[in-house]
1. Which one of these is among the hydroxyl-bearing types (Ser, Thr, Tyr), in contact with a strand residue (DSSP E or B) (Cβ under 9 Å, 6 or more places away or on another chain) and closer than 18 Å to residue 127 by Cα: 96, 51?
2. Give the residues of segment 43-78 that are over 27 Å from residue 118 (Cα atoms) and either at pLDDT below 95 or not polar (S, T, N, Q) (or both), sorted by residue number.
3. Given the conditions (1) of a type outside the set (D, E, K, R); (2) surrounded by fewer than 20 Cβ atoms within 10 Å (Cβ to Cβ); (3) modelled with pLDDT of 95 or more, which single one is not true for residue 181?
4. Quick one: what pairs do we get from segment 21-40, first residue more than 13 Å from residue 61 (Cα to Cα) and assigned by TED's automatic domain parsing to the domain that holds residue 81, second surrounded by 14 or more Cβ atoms within 10 Å (Cβ to Cβ) and of a type in the set (D, E, K, R), C-beta under 6 Å, 6+ apart or different chains?
5. Can you pull out the residues in segment 94-134 that are touching an Asp or Glu at 6+ places or on another chain (Cβ under 8 Å), within 14 Å of residue 14 (Cα to Cα) and among the hydrophobic types (A, V, I, L, M, F, W, C)?
6. Hey, does segment 87-95 have a residue that's aromatic (Phe, Trp, Tyr), under 26 Å from residue 133 (Cα atoms), part of a loop (DSSP other than H, G, I, E, B) and in the same structural domain as residue 114 (by TED's automatic domain parsing)?
7. Based on this model, can you work out whether residue 158 counts as of a type in the set (A, V, I, L, M) and at pLDDT below 95?
8. Restricting to strands (runs of 3 or more DSSP E) lying wholly in segment 17-82: which have 3 or more residues that are touching a Cys at 6+ places or on another chain (Cβ under 8 Å)?
Amino acid sequence: MQDRVHRYFATTVGLITTDGEHGRNVMAAEWTMQVSYEPMLVAIFIHDSPTLWNIRGSGAFGVNIASDDQAELVNIAGGYSGTEVDKLAIPGTFETYDGKLVPMIKGCALNAECRVRSIRKIGDHVMVVGDAEAAAFDDKKSPLVYTRGNYRRIAGKLSSGRKVVRVAPSTFDAFKQMSGGQFVLKCAAALAEKDGKVLVAKFGRCWMAPAVAVERGQNYEAALSKHLALIGVRADVQGIAKLERLMLKSKGRALRANFVVYRCRAKGGEGRWFARLPRNIVLRSFFEKA
């Protein structure tokens, strides 16, 4: 293992606040993360310290994700122990407000008050997992990032790399219905060929490669094989031809769509076969060589 490899992870920084027998306190915790959506669980990884002593006694802690203009506060929180200095009492530093469970810090990217669910020793740290009972964020703030021994700012949003495909409103509605309300439409599609012709299916008012929405955890190849059989096509699914990651757009609406396109050898059955693609076919890129 390379020396100092741990420095090449990138994390946000949590300002962990507590109150209890050992007084009000704040510490900096690089390893702070959400570990469940529902219920919303947050984990922090800390050493034996006044923060941990307070958590054991009170059963509560605050997670304040530092914003990129709070690097100096992080330095102060991480530079002293609560046994040495009452950090929250230093003038001109931490601006706090009273939470329901613990004192919280203003100006952060995110604030979450947590009730302890479990405490467990993990390696050389103690993992504390808490249920978030109250949480809020400031979308005008960006989180501070720590990597390679330095604090950094997020440079900006990167392109998703998705191809933008503009479709008619009725076609967009059909894709939206196909998604079943999911954030991303995930499908398996067939690139089926026979005697120099390709198979297409009617999709609303247009034509498209036969495709089926796939549920989470379902095997894509099996789902496509079943779909082809249901529409009367006898074909062997022979492997992945390409992955199409698209952004479908129509009159101000957008839908992310992922299609795993499978190469298929058709044996016959129902369907429309074209030597030339119809003019009104959607997602023409399916038929382009990978």
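1. On the way: 96 fails: closer than 18 Å to residue 127 by Cα.
Exactly one of 96, 51 is among the hydroxyl-bearing types (Ser, Thr, Tyr), in contact with a strand residue (DSSP E or B) (Cβ under 9 Å, 6 or more places away or on another chain) and closer than 18 Å to residue 127 by Cα, namely 51.
2. Across segment 43-78, the qualifying residues are 68, 69, 71, 72, 73, 76.
3. Every condition holds for residue 181 apart from (3).
4. As it stands, the answer is 39/131, since those pairs meet every condition given.
5. Matches in segment 94-134: 104, 105, 108, 109, 110, 114.
6. The answer is yes, given that some residue of segment 87-95 is aromatic (Phe, Trp, Tyr), under 26 Å from residue 133 (Cα atoms), part of a loop (DSSP other than H, G, I, E, B) and in the same structural domain as residue 114 (by TED's automatic domain parsing).
7. Judged against the criteria, residue 158 is a match.
8. Working: elements: 25-29, 32-36, 41-46, 60-65.
The qualifying strands (runs of 3 or more DSSP E) are 60-65.
The values are calculated or read from the model by the stated rules, or taken from the named source; none is laboratory data. In this text, all values refer to a predicted model and were calculated from it rather than measured experimentally. Neighbour counts are summed over all protein chains in view; Cβ atoms, including those assigned to glycine, are modelled from backbone coordinates with ideal geometry.
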